[in-house]
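Right, one structure below, let's go through it.
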Amino acid sequence: MYRDLDKTVLVGNIHSCVTEEILFELFLQAGPVDEVRIFRDGPQASYGCVYYKHAEAVPYAVELLNGIWLYGQPIKLQRKTGG
């Protein structure tokens with residue numbers, strides 16, 4: 001499914017205990033969330049995407065939540081860009 005990159009936050013360094021539901025609740029603090037996806041590749045730290053309903057939430061989420069510690073490790077956030 002095509003996603004608007006302006007409404008997407010990349011989330012890195014996700015601990016294996018973190019669920020999509022946990023990220024959904026956390027990222028709601030920055031605005032209405034459309035969907036959360038976590039991609040796991042073995043036992044290593046995972047990454048994911050948070051898809052917001054409005055692009056205005058993305059910079060606010062990155063500013064507010066980047067570096068927040070979940071299960072003993074900080075999540076790393078960045079805006080998703082094309083290319």
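Side notes on the structure shown:
- Any hit, the stretch 35-56, residues being within 13 Å of T8 (Cβ to Cβ) and touching a Pro at 6+ places or on another chain (Cβ under 6 Å): yes
- G67 meets the stated requirement of being loosely packed, with under 14 Cβ neighbours inside 10 Å, touching a strand residue (DSSP E or B) at 6+ places or on another chain (Cβ under 6 Å) and without any contact (Cβ under 8 Å) to a residue 40 or more places away in the chain.
- Leading residue by the ranking (modelled with the lowest pLDDT) among those in the stretch 30-52 that are closer than 15 Å to I75 by Cα and aliphatic (A, V, I, L, M): A45
- When the criteria are applied in full, F27 meets the requirement of being closer than 18 Å to Q78 by Cα, out of contact with any Asp or Glu (no Cβ under 8 Å at 6 or more places or on another chain) and crowded, with 16+ Cβ neighbours inside 10 Å.
- Criterion (under 16 Å from R3 (Cα atoms), among the β-branched types (V, I, T) and touching a residue at least 12 places away in the same chain (Cβ under 8 Å)) met by exactly one of I38, I14, I22: I38
- Residue in the stretch 8-24 that is surrounded by 13 or more Cβ atoms within 10 Å (Cβ to Cβ), within 13 Å of L77 (Cβ to Cβ), of a type in the set (F, W, Y) and at pLDDT 95 or above present: no
The values are calculated or read from the model by the stated rules, or taken from the named source; none is laboratory data. Every value quoted in this text rests on a predicted model; they were computed, and no experiment measured them. Because the Cβ atoms are built from the backbone with ideal geometry, glycine has one as well, and the counts that use them run over all protein chains shown.
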